[in-house]
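Just so you know, all these numbers are worked out from the coordinates, no wet-lab data involved. Worth saying up front: this structure is predicted, and the values here are computed from it rather than measured. Ideal geometry is used to build each Cβ from the backbone, glycine not excepted, and the neighbour counts take in all protein chains shown.
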Amino acid sequence: MKQKILIVDDEAAICELLEMELTLEGYDCMSASDGILALSAFDSYCPDLILLDIMLPGINGYEVLKRITAKADVPIIMLTAKAQTADIIEGLETGAHDYITKPFETSELLARIKAALRRHGVKAPPSADILKNGSLTVIPSSRSVYVEQTPVRLTVTEFEILLIFMRNYSKVLSRKDLAMMLGEENYDELTRAIDMHIQRLRRKLSKVTAIRFIETVHGLGYKMRNFDEAEI
């Protein structure tokens, strides 16, 4: 089961960035833009860790921190622009487990999240749930696809085809192979549509990068190229 992280911040751009980065690391995420929504999300979502800003509309971060720590032992990392020593001390004395000031390095935040979860006996998500090929990342459990950390929206069939390729590096797959691996009963009909699906899949990936991940093998079918071999 993926570990859940609640992000509490009134800046939508920060929430989106954190959700993307944490999802890439294998976590499940939810965001709340104010203190009241944060308390409600905590009760319904039951997060394993909370990233909490101080300056929130409605109820400020300190009050949210007090209310949550009064009823649960969950690691809370303050993530805020308030960098004065007095603010840091107040956050830690109120119950925060760590304190990071904005702007922050994503790598440092990820390391602190893993450390906080480890101290609380919660394992970080296994990397096996994430498939990577260079700048291409596929997360089967959430059916998410990212190229250079940019999300790519695929249809159900496009995603399944990409997943097959990601699990069969450098292996040549015919149209019939792909149709059968998709598990369709009418695979003869689907075989004729494979080219169209792959063409659309390539087009969506190429909007982000010039790397051609799926190569045509003349007369045989297709294969997923390893990043080190991909031609730009």
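One table, with the values for the structure above:
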| read-out | value |
| --- | --- |
| Cα-projected label distance for residue 132 with residue 81, points at 7 Å along beta-carbon direction, nm | 3.2 nm |
| Calculated over the chain: convex hull of Cα atoms, volume per residue (Å³) | 140 Å³ |
| Length released on extending from residue 2 to residue 180, taking residue separation times 0.36 nm less the Cα-Cα span | 61.0 nm |
| Relative contact order (percent, whole number), the chain, Cα cutoff 8 Å, 6+ residue spacing | 14 percent |
| Residue 199/residue 106 FRET efficiency (R0 41 Å; Cβ-Cβ; nearest 0.05) | 0.75 |
| The range 130-229, dipole about Cα centre (Lys/Arg Cβ +1, Asp/Glu Cβ -1), debye to the nearest 20 | 320 debye |
| Computed label-point distance, nm, for sites residue 63 and residue 210 using a 7 Å Cα→Cβ extension | 5.4 nm |
| Cβ-placed point charges (K, R +1; D, E -1), dipole of the chain about Cα centre in debye, nearest 20 | 740 debye |
| Neighbour-count ranking [beta-carbon atoms within 10 angstrom, fewest first] of 218, 97 | 218, 97 |
| Equivalent ellipsoid semi-axes, the range 4-127, via Cα gyration tensor eigenvalues times 5, rooted, Å | 19, 16, 15 |
